[in-house]
Amino acid sequence: MTNSKLTFTMTSYASGGGCACKIPPGELEEAVAGLIGHTDPNVIVGLDDGDDAAAIRINGDTAVISTADFFTPVHNDAYTWGRIAAVNAMSDVYAMGGTPITAINLLGWPRSVLPTELMREVLRGGLDAATEAGISVTGGHSIDSPEPTYGMAVTGVANPDKLMRNDAAEAGLPLTLTKPIGVGITNNRHKATGEDFPESVELMTTLNKEASEKALAAGVTAATDVTGFGLLGHLYKMMRASGISAEIDAAAVPKLQAAVDSIAEGFVSGGSRRNLDWVRPHILADGVSEETLLLLADAQTSGGLLVVGEIPGYPVIGHTTSGHPGQVSVK
């Protein structure tokens with residue numbers, strides 16, 4: 001936690017928080033449709049299927065992974081928010097089977113409202129997360145903005161023949177999830193009430209490094225990380241891109257108990273509701289409660305990896321099938 005004695009409540013300075021403040025997936029897809037630009041033969045993964053990051057081949061055995069992610073405060077403590085944002089940004093590299101090598105800060109700060117000392121705490125949190133990942137923060141860019149915003153642009157490397165992609169899933173394989181879901185709900189409650197949820201913070205500040213390495217060792221070729229579009233949204237995107245379908249067992253999906261309790265009390269972000277509205281036409285969920293569906297669509301911040309394949313030590317939550325492309329059945 002921060003060493004600062006300042007008592008600013010960070011989430012009160014932003015209308016949204018964490019990955020729940022993303023532009024809704026349907027609107028985003030409409031906005032970027034067709035905006036692919038020049039076709040470079042070295043682009044292995046670009047805009048086409050909305051994967052986690054871009055992958056550019058630079059030689060026979062090396063691809064550069066490039067990504068950026070930033071958001072408004074997800075936690076009232078500035079240092080903790082900075083740490084979460086940095087871990088979340090690095091997750092896109094891990095989701096593709098890459099290794100981060102450097103990061104640069106992306107910062108928007110309301111200078112007339114929040115002090116520089118608090119800004120330093122945010123940056124210190126990001127630096128500590130990068131140090132834990134074994135990389136350096138080598139620069140950045142900042143602007144004076146109405147709301148505090150922080151994240152990173154992260155560069156990584158990977159073997160182009162061992163990339164984990166969202167369009168490479170095959171039917172008949174197990175689905176593995178490496179972190180429990182529900183942090184969007186607990187973050188929403190934290191913003192509304194100030195209550196702390198240490199387990200949520202621990203999940204959001206845990207690097208997906210180990211899960212990525214284990215997935216690669218298991219020969220996995222398809223994965224994504226579960227962030228702002230929720231488990232259902234990211235699974236739908238992966239199945240649509242791969243031309244297959246999936247079935248998940250809602251009871252097998254690991255969940256934060258605090259989120260289960262909170263959702264019954266109405267602590268659901270607008271982002272999670274928009275996620276469910278977007279994916280609902282593509283899911284079959286007879287007999288599944290609305291509360292369960294909202295939890296499965298919950299907008300995660302720094303969530304785990306959703307892997308097509310089985311990884312030792314992590315729960316299997318369902319399997320892929322050869323049904324209608326993009327369809328997700330929830331049992």
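Here is how the numbers come out for the structure above:
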quantity: Among (1) out of contact with any Phe, Trp or Tyr (no Cβ under 8 Å at 6 or more places or on another chain); (2) over 20 Å from Asp167 (Cβ atoms) - the single one Ala241 does not satisfy; calculated: (2)
quantity: Residue in the range 96-123 that is surrounded by the most Cβ atoms within 10 Å (Cβ to Cβ), counting only those that are among the hydrophobic types (A, V, I, L, M, F, W, C) and part of a helix (DSSP H, G or I); calculated: Val122
quantity: Residues located in the range 281-331, provided they are crowded, with 16+ Cβ neighbours inside 10 Å and of a type in the set (Ser, Thr, Tyr); calculated: Thr292, Thr301, Ser302, Tyr314, Thr320, Thr321, Ser329
quantity: Extreme residue, surrounded by the most Cβ atoms within 10 Å (Cβ to Cβ), among residues of the range 232-255 that are under 15 Å from Ala299 (Cα atoms) and basic (Lys, Arg); calculated: Lys237
quantity: Hits in the range 132-150 - residues which are on the phi > 0 side of the Ramachandran plot and assigned to a strand (DSSP E or B); calculated: Gly139, Gly140
quantity: Single residue of the range 170-194 satisfying the filter (at pLDDT 95 or above and part of a loop (DSSP other than H, G, I, E, B)) that is surrounded by the most Cβ atoms within 10 Å (Cβ to Cβ); calculated: Gly182
quantity: Test: Ala258 is closer than 30 Å to Trp81 by Cα and either surrounded by 24 or more Cβ atoms within 10 Å (Cβ to Cβ) or modelled with pLDDT of 95 or more (or both); calculated: yes
quantity: Test: residue in the range 65-72 that is touching a residue at least 24 places away in the same chain (Cβ under 8 Å) and either part of a helix (DSSP H, G or I) or more than 21 Å from Thr224 (Cβ to Cβ) (or both); calculated: yes
quantity: Failed condition for Ala153, given (1) over 30 Å from Ser329 (Cβ atoms); (2) of a type outside the set (D, E, K, R); (3) touching a residue at least 60 places away in the same chain (Cβ under 8 Å); (4) not in a strand (DSSP E or B); calculated: (4)
quantity: Residue in the range 85-95 that is surrounded by fewer than 23 Cβ atoms within 10 Å (Cβ to Cβ), of a type in the set (A, V, I, L, M, F, W, C) and either under 22 Å from Thr224 (Cα atoms) or more than 19 Å from the chain's Cα centre (by Cα) (or both) present; calculated: no
quantity: Out of Ala78, Ala54, sole residue that is modelled with pLDDT of 95 or more and outside the structural domain of Thr193 (by TED's automatic domain parsing); calculated: Ala78
quantity: Pairs where the first residue, in the range 239-266, is without any contact (Cβ under 8 Å) to a residue 60 or more places away in the chain and closer than 30 Å to Val45 by Cα and the second is in a helix (DSSP H, G or I) and of a type in the set (Val, Ile, Thr), C-beta under 7 Å, 6+ apart; calculated: none
quantity: Test: residue in the range 222-230 that is in contact with a strand residue (DSSP E or B) (Cβ under 9 Å, 6 or more places away or on another chain), part of a helix (DSSP H, G or I), in the same structural domain as His319 (by TED's automatic domain parsing) and buried (at least 23 other Cβ atoms within 10 Å of the Cβ); calculated: yes
quantity: Selection within the range 195-221 - part of a helix (DSSP H, G or I) and in contact (Cβ under 8 Å) with a residue 40 or more places away in the chain; calculated: Glu199, Ser200, Val201, Leu203, Met204, Lys209, Ala211, Ser212, Lys214, Ala215, Leu216
quantity: Residue tally, condition out of contact with any Asp or Glu (no Cβ under 8 Å at 6 or more places or on another chain) and under 17 Å from Gly304 (Cβ atoms), over the range 38-85; calculated: 2
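The values are calculated or read from the model by the stated rules, or taken from the named source; none is laboratory data. Nothing here was measured: the structure is a model prediction, and the numbers come from that model. Here the Cβ is made from the backbone with ideal geometry for all residues, glycine too, and neighbour counts use every protein chain on show.
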